[in-house]
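The values are calculated or read from the model by the stated rules, or taken from the named source; none is laboratory data. These numbers were taken from a predicted model, which means no experiment stands behind them. Positions of Cβ are backbone-derived with ideal geometry, glycine not excepted, and every protein chain shown enters the neighbour counts.
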Amino acid sequence: MKRFFLKIVIVTFVVLLTTGIAFASFFNFFNILKGFGGKIITAKATEIKALEESGWECNVPGSSITIRPVRSSYPTDYIIPNDVESRTDTIPTKDQAIIGLYYPLKKTTVTCTKPCPPPPGNECTTTVTLDTIRMYGTSEK
């Protein structure tokens, strides 16, 4: 009888353990929004700004920003799609504080083009990949 009870306890423990691992994996898989926050350094992503200053034309589907995250000294570039509006009804500008959510698994690719060397009519292209903001709010200044 003791052996039977011990087997039941062990089987129950293993089932609960594997179910817990599966549940945690399921939750992490569908928890796709990540938070961010910091100070806006530029109202245009630094990579895109550098390309445009060197003669490239970039087709940005929305607006892009560069922020200095709260716990980091490394700037991060994001894109804000046209269909995403600020929760605070403010337009992102330099030196504002910003907080929000982005998709780390879904990046937006921005294509930039410029005329290439001869023969005429050739176009060179390059791409910039940015994290996509889905919800955000900014300070008044």
Residue identified as at pLDDT 65 or above, surrounded by fewer than 16 Cβ atoms within 10 Å (Cβ to Cβ), under 27 Å from the mean Cα position of the chain (by Cα) and of a type outside the set (F, W, Y) among K44, K34: K34
Boolean, C124 is in a strand (DSSP E or B), touching a Leu at 6+ places or on another chain (Cβ under 7 Å) and of a type in the set (A, V, I, L, M, F, W, C): no
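So which residues in the stretch 121-141 are farther than 16 Å from L101 by Cα and touching a residue at least 12 places away in the same chain (Cβ under 8 Å), if there are any at all?
Let us first name the residues in the stretch 121-141 that are farther than 16 Å from L101 by Cα, namely 121-129, 140-141.
Residues satisfying the conditions are T125, T126, T127, V128, T129, E140, K141.
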Boolean, N59 is surrounded by fewer than 10 Cβ atoms within 10 Å (Cβ to Cβ) and modelled with pLDDT of 65 or more: yes
Strands (runs of 3 or more DSSP E) wholly inside the stretch 44-106 containing at least 3 residues that are closer than 16 Å to M135 by Cα: 62-69, 76-81
Residue match in the stretch 107-120 (condition: touching a residue at least 60 places away in the same chain (Cβ under 8 Å) and either in contact with a helix residue (DSSP H, G or I) (Cβ under 9 Å, 6 or more places away or on another chain) or closer than 15 Å to L51 by Cα (or both)): yes
